Structure formats: C-alpha cells, structure tokens
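Presented below is the structure to which this report refers.
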C-alpha cells in the first residue's frame, strides 16, 4: 500500500493501482472516456488529466499513471477543468449533435460529460465526418461519424473476445475504426463493442428506435441459455423486454455477454408464444380453459408407472423439485429424466463414481487462478462463450498455458501459445487413458495415489493404453500424449474443462471418469486453480442434477421412456419444456415413440414440433416471468425474480405442477421460497441458502469430493469407410439448445444448419463454400449449406444440432461419430 | 467509403501466386514481431499487397486480418492496389511550389490521364505528389523511380513521359 493525497484527502491505495483507480477507491470520480476497468490502460482521450505536485504541476493522465508514495494529486483545479473542457470542445467539433435520434442519448458518456462540464459553446469550427454507416449486419450498427476513437471496441474485441474484428484504420485526422478492407462487420456478434462504446457509434440494431434509455426499467436477471450463469440486466418498457443493458459490475463476468445473452432475448415477448391451453379434440388442438385442460391432464396422470416425464433443464430448481414430487408422490412413477438421458451422465454417473458427487470440483473463477488449462474440445468456446472469454483472458493477460485435445481446431486454438492436439473423432477416452498411463509410467503421479480406492484396478486396466498403442488409433503421436501428460502433471496448478450436452454424446460417464482419473492421479484436486469443470449445457442443467431430476435405479431414463412409449408400457408422457423431436438423437425413433404414446402432455412456451403432437398443450412462462433459482455449471445458485408480468393466461411450470398436485389430492407448497427452504435443507451443499439471501448475493453450493479411481471404458474405434466422412455434432456459437431459434438475434446471424468441412475434402469432392449438399447416413439424409473452413481436419464434418428446419437427428442416431457421404 | 465499395465490385483482383507469400512467411515465421518484415517483403515481391495475400498472411501468422489492414493503412509504404512500373513523384514542397510545381503536376495529369496516387491501366505509371524530396536547390523537382529530374519544365514533362513510354514493361 502507498500513501498519497488526492484533493487534500489523505488516502492509501495498493502499489499496483493507477491514479484513476486510487481515486475511485477513495470516492473521487475522475471523468473517463477511453478507460475501462476490464481493459488495459490506454490513455487516448485525455479526459482524466490530473495535476501531480511532484510532476511540477504538469497535467498527466490518471488512467495510465501508477501511484507512488507521497503523491499529491489534484483532480479538479480550474486549469484541469479548462483542459477537459477543451478536450470536449475538440471532440464535439466532429461529433454530430444528433442526440435526439441517437439511441445512446441518456447513457452516453460524451453527452453526460458535455453536460457536466457545461460545454455550451465551441471556439472551433470544422466539418463533421461523412463516413457511411455500416448497416451490413442485422445486429450491430456502426456509425463512425459519432466515434471519439477511444478504441475500447477494438481493445475489448482483442483483449477479451479475442476475435479482433475491429481496429484503427488509416492515420491522423482520417483515422477511423473499421474492419479489414473496409468490410462490414462479420464477427461473433457478442456485442461487447456495443457495451463499452462511450458514444452512439456502436448500437444494437434490434433496439433501434424502440425506447429512450431513461424510459427503460432495469431488471436484473440471469441468462436463460447456457450453464455459465451470466447475469443480465434487461431493459423493460410497457411489460416488454426491449434490450439487454450493460452493467460492468454485474456477475463474475463483469457484464460481458455472448450473442445469445445479449441479442437472444426476443423469445420472451415473441408473438409466437402460446397464450392458451390447448386440448386435442377430433384430431385438432382446440383452445380450452385451464380448468378443463388441467382436469384432463390430472385424469391421465393417475396411471402410476405407466406415466413418464421429460423435463427441461431450463426449469427452475423449484419447478424441477415440484415436478419430481408430482411424479414420485402423486403420480406414483419414478420414470422421469431430462436432456435425452445421456447429456447429464458425465455428472450423474461419471463424477458420481469418481468424485462421489454429481458436481464439478472447480469453479469458473479457477480459470484465472490456474497455471495450465487443459481443455477437451475446442467447442468449449462455442458452448460457453463467456467461459471462453475467461480462457482468452487467462491465456492472453496472465500467460496461462493452454493445451487442447479436440477432434477439430477452433477459436481457442488461435490463442497465443495454445497447443491443439487434433485426434480422430470418438477417441477421447482412449487419449485420456493413454495420458493417465503415461502419468503412471513416467512416475508423474502423486506419491499417495496408490492408497486411493481403485488404483490397482486402474493401473491394471491402463496396461492396454500405452501411448504407443493408442497413438495408432487416435492419430496423435505417442510423444504428443506423453507431452500432454508431462505438462499436466508438472504444472503446479492445472484445471481441466470439458463441455457436456446433447450434442456431445462422447462426453459421457466414461470420459468424465477418465478426466477425473487424471486430476486424482496428479493431485490436481481440491486446491485453488485445480480440478475439473464439467461445463453443463443449459442454464439449469446442474440444478436439474442437484434436484435429482434423473432416474434412480427403479426408474426409466429418457431413452428407455421413449422405447416404452413405443411398446405401449408408457401410456402418458408429460414433457415440460423439452423438444425431443429436434434435440434428441434419432428423429424417427422419437417421432414414432411420441406418435405411439396414448397421451402426450406438453408444457411449452412455443408450438414446437413436440407440442404439435400433444394431446394437451399448456402455455408456460419464460425465465423472465417467474421467480426461482438456477444453478450454474459451477454450482453458483442464483435467484431470479420476474422481470415482466406474465401473460394472464399463462402459468409458470411451478403453478402448473402445483395445480396438478392439488388435483391429485396432494399437498401443494405455499410458495417457491418455502419450497426452496426445503430444497436447501435436503440438497447437498445448498444448506443455509434462502431466497432472501440469494436475492442479495448468489452463493456457491459446496462440493464434497471423495476421489476414487474408476476404469473408463473406451468405445471401439470408429473404422473409416472409403468415400465417407466422419460426422460429429455439437453446438454452434450462436445457439443454445433449441430455444435460441426463437431469439431473433441468433437467428439473424446463424439462421440455419450447415455442414462444416475441411478444404481438402471439399477440393476432393469438388464442393465449394455455400454449396448445398445432401448429407446421407444410414438413418436418413439432409440438405445442408456447406461451410469450408480451415479448422476442420480431413475426413471430418461438423453439423450443429439446434435447428428444427434441418434437424441433424434425421441423420444421427446418437452415435458419437456417424459415417456420412456428401453429394451435391 | 462508398467509392471503395464500388471499386471493390468493379475490379476483380487478379489471381495471385500465394507460394511467393508462403516463401516469405517461412523465412520469418519464428521471429517475434514478424508482421512488418513479412508485409514489406510481400510488397516488394507483389508490388502491392493483394487482399488474398493479406488474408493468407493473417491465417499463417495468426494475426487478425483487421490488424494487418490497420498496419497497411497506417504506413505510407504499403499499397493496396497494383502500382505502375515507373513511379513518378513530383515535389510540391514550398521551394518547388514557388518555382511552379503546380503546373508540372497539372501537365503530368494531362499527359498521363491519371491523378494523384493513381496508376495507369497498363500499370506503366503511378503518379504521386510528395511534400519534399530534400533537394530544394533543384526545384521544381521530379523523380521517376530512383532517377532525379531537376529544374523541371512543362517541355521536360513531355520528354520524360515519352522516354519512359518507350521502355519495356517487363
């Protein structure tokens, strides 16, 4: 700590602080335009000039000058005020004063500073800029005439997003921000640039002319897409969510969002939302009253074991608990599951065996605290972009090492110093086992490891996985495998990350055990910056697991439920928020099952493909219309309150399940808060949490790890077939599950499914970028747009799974790797 | 910006041989801070930086394409369009200006049919006005590639253009 004087006040600040930070910590606000606490100091705008007595009264930028012992700083002498006024005058010389039509008005740093410093005249005269406005993309409008060249957009795109779409172009007075060769913006559309723009140069196009900033009510919420658990501020007016607003103090991610979080909110107020219960009569779904619909449903639920349920991991913890109660206690069936039955197996069956718990023994915050990040699949960026930002920052700013094993290269491969080891698709477990074997062979395991339960069995089983043997089938060299093992074992702290989800079949219980083994063998567990983070797919995937919404020994899992629908042993299926027809593997199997089941109940926001087949459809509520808790992938439990009032004819799933419980003669909970108290006392790690405490601050559920070494079974290697390519599926960056299809933002930039292939295969097959090809597999065929990219290795194609219009499950039966042929 | 966009659609960039760029990149790939030397060598080899070359360098050096474009537009030494074999520079600094440089410039414009920083369609000439060539005693001054022409007159412009018109392009 150093002692210094700011505006005649004796204060202290950490040695590493800049004058700006020291002042802010001590309640003195210095105006800034180009500074952002998340970015490296830049010192471009000269708004933060201060005087330091030791520097002979010279005016120096507060944002780039570190504090030193005994500094005497003045932040607002008449000279400084004059200098700042001049900076503003010079900026306003070129900046158009079109505030009445600028969406930034009211939230504009330049406008606020102009007001604060009373710059009502300008001593200079100059022309305004005449740059053309970039309307080339549907989400981000770029008006360089308003730009003050603070460079924050270009810097955030480099330092945090690591995409580098924007940069300074030209020189001197002609300098502007733009893309290569004056192209329009074509990037990830995360909108980080919009969030930091101090003026109206970068604006969210979906929000253009929707509302003035000051007329919006700011509602804090939690993003409803992936498992990262980002916090959101929704801009609400007239009970409509009109935009998302940036709050640099919100969440671990400091307000950073991805394209889904920032631009995918439109589903909340979509006019496609269901607004009335529907009951099938004479083959058609007809509007009905709630009483009528619930009566029909309740009657059908009195079927004991012939009733099954599929829930969505987007429901709140309270709703999932209630759904489970309804099934177990009132219906009398233990057939309930979520996420196709396999997407949670890494936790419910893998970690449960390896760690004795169904949660990840690491948090997102560990990413910045580790020495080595070991990422399985570059898709970790696409599935969880904000965790991807954390990885970017860790690697770029902290020099944390990054090793990736993946079946394709990706955005993370481009990070400085990143090593991507591309293996053949489907060979993950073998590779991980070979790494474990290498750790044992090279005596890199911790000394006490032979006392861990299961050590002998594992050591024996790993004999088949020598790096040399695995090398032949996975495509990596034995030296690569040994190098990964060496680097992982010798790092002081190392963290393993891998995504799970319906698109990642191979990330199952076997793989999570194989991953867990590595951390147990090397003792990278239970310490800060160590452990394994299994990145769950949806916003409450971890919560669904914590609430136990998956089958116990006596219940059927999702796949068995579908089989039972087909063979008639399940007669009533209650689907809450899932769309199995699009998201579960093997479309024809799912369709046959849903056609065969006697009675199908669906509670949904939209008329999905699954809802269209239902006998009763119940209109439910989105995350913005209900209260409850979501548990993020690293078990951060967060409370959401309703941001808008729900449509009076919709019910939350909580209300639906409550009504059904009472119709079946059960005891309904008084409120979700009371139910949550029950949850917190029954759920491991949730003790002490209440809605009241979570409303103030989110809390981590503790994870109690009992390590055990498990022998992971590697699936048989996929044999290549001549003329065929290996297809893998997964998530596209712009989408999450099937819900994002109803968010206009994601659909604007990634409207349809595609098949991504390597340049070499494209050349061999004479296929070009943007061609339409037919992809055929043993289960069907699908017409898809082609994307030829450098990241895909020869022999592989990637097809994302989110899209109803071209559902990958038409050609994919749930195998980790499917051999397909492409024809024009 | 509008004319840039218009030009882009009008002019189809000629096929460029990326193996030249690859050879340059191979030479510098392991050296930190290699972007400038690579771009300079590419400029020397191709005479300008074609877009395909810029994109290729971006991919191989793992640098953002935007960053390369920022560098290319910042330094006057880089060119984004093909340049003529003969670069005619006319000084318009103070001394040359007083000695009649504007008329020299105008005459070149008339003779070549191109303006400042433009290139003739046959890629023979590129014309540039420059601020000072550092030889004020020879004002008004013109240069063609490395040859210097002092005490320029309108008649001399004709001679220079005629002379270089006859030289072989290859």
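Points worth noting:
- Restricting attention to region B:53-66, the residues being more than 17 Å from residue A:789 (Cβ to Cβ) and either surrounded by fewer than 18 Cβ atoms within 10 Å (Cβ to Cβ) or facing chain A (nearest Cβ under 10 Å) (or both) number 4.
- Taken as a whole, the structure leaves residue A:28 outside the set of residues that are buried (at least 19 other Cβ atoms within 10 Å of the Cβ), in contact with a strand residue (DSSP E or B) (Cβ under 9 Å, 6 or more places away or on another chain) and in contact (Cβ under 8 Å) with a residue 60 or more places away in the chain.
- Any hit, region A:214-222, residues being farther than 30 Å from residue A:700 by Cβ and touching a residue at least 40 places away in the same chain (Cβ under 8 Å): yes
- The single condition from (1) within 30 Å of residue A:393 (Cβ to Cβ); (2) within 33 Å of the chain's Cα centre (by Cα); (3) modelled with pLDDT under 95 that residue A:108 fails is (3).
- Looking across region B:67-84 at every residue that is in contact with a strand residue (DSSP E or B) (Cβ under 8 Å, 6 or more places away or on another chain) and more than 8 Å from chain A (Cβ to nearest Cβ), the one that is nearest to residue B:125 (Cα to Cα) is identified as B:84.
- Of the residues making up region A:47-78, those that are surrounded by 15 or more Cβ atoms within 10 Å (Cβ to Cβ) and not in a loop (DSSP other than H, G, I, E, B) number 10.
- Among (1) in a loop (DSSP other than H, G, I, E, B); (2) within 26 Å of the chain's Cα centre (by Cα); (3) crowded, with 20+ Cβ neighbours inside 10 Å, the one test that residue A:624 misses: (1)
- Filtered residues of region A:637-650 (kept if surrounded by fewer than 24 Cβ atoms within 10 Å (Cβ to Cβ) and either more than 17 Å from residue A:293 (Cα to Cα) or touching a residue at least 12 places away in the same chain (Cβ under 8 Å) (or both)): A:641, A:642, A:644, A:645, A:646, A:647, A:649, A:650
- Among all residues of region A:25-46, there is at least one that is out of contact with any helix residue (DSSP H, G or I) (no Cβ under 8 Å at 6 or more places or on another chain), assigned to a helix (DSSP H, G or I) and under 25 Å from residue A:159 (Cα atoms).
- Residue ranges of strands (runs of 3 or more DSSP E) in region B:74-170 with at least 3 members touching a residue at least 40 places away in the same chain (Cβ under 8 Å): B:86-91, B:125-130, B:142-144
- Evaluating residue B:103 against the criteria (1) more than 14 Å from chain A (Cβ to nearest Cβ); (2) in contact with a strand residue (DSSP E or B) (Cβ under 6 Å, 6 or more places away or on another chain); (3) over 19 Å from residue B:147 (Cα atoms) leaves one unmet condition, (2).
- Qualifying residue in region A:163-180 (condition: touching a helix residue (DSSP H, G or I) at 6+ places or on another chain (Cβ under 7 Å), more than 10 Å from every other protein chain (Cβ to nearest Cβ) and either surrounded by fewer than 22 Cβ atoms within 10 Å (Cβ to Cβ) or farther than 18 Å from residue A:131 by Cβ (or both)): no
- Residue identified as part of a loop (DSSP other than H, G, I, E, B) and at pLDDT below 95 among A:276, A:270: A:270
- Complete set of residues in region A:702-730 that are out of contact with any helix residue (DSSP H, G or I) (no Cβ under 7 Å at 6 or more places or on another chain), surrounded by 18 or more Cβ atoms within 10 Å (Cβ to Cβ) and over 17 Å from residue A:793 (Cβ atoms): A:703, A:705
- Every residue from region A:654-672 that is modelled with pLDDT under 95 and under 31 Å from the mean Cα position of the chain (by Cα): A:671, A:672
- Top-ranked residue in region A:1-20 [being surrounded by 17 or more Cβ atoms within 10 Å (Cβ to Cβ) and in contact (Cβ under 8 Å) with a residue 40 or more places away in the chain; ranked as nearest to residue A:118 (Cα to Cα)]: A:20
- Top-ranked residue of region A:181-209 - restricted to ones that are touching a strand residue (DSSP E or B) at 6+ places or on another chain (Cβ under 6 Å), more than 23 Å from residue A:40 (Cα to Cα) and within 14 Å of chain B (Cβ to nearest Cβ), ranked as surrounded by the most Cβ atoms within 10 Å (Cβ to Cβ): A:185
- Only a single criterion out of (1) more than 14 Å from chain B (Cβ to nearest Cβ); (2) closer than 29 Å to residue A:474 by Cα; (3) in contact (Cβ under 8 Å) with a residue 60 or more places away in the chain; (4) in contact with a helix residue (DSSP H, G or I) (Cβ under 8 Å, 6 or more places away or on another chain) is not satisfied by residue A:791, namely (1).
- Screening region B:33-52 for residues that are within 11 Å of chain A (Cβ to nearest Cβ) and part of a loop (DSSP other than H, G, I, E, B) and picking the one that is nearest to the chain's Cα centre (by Cα) gives B:49.
- The residues of region A:449-499 that are modelled with pLDDT under 95, closer than 30 Å to residue A:810 by Cα and in contact with a helix residue (DSSP H, G or I) (Cβ under 6 Å, 6 or more places away or on another chain) amount to a single one, A:474.
The values are calculated or read from the model by the stated rules, or taken from the named source; none is laboratory data. From a predicted model like this one, the values you see are computed outputs, not experimental measurements. A quick note on method: Cβ atoms are made from the backbone with ideal geometry, for glycine too, and the neighbour counts reach across all protein chains shown.
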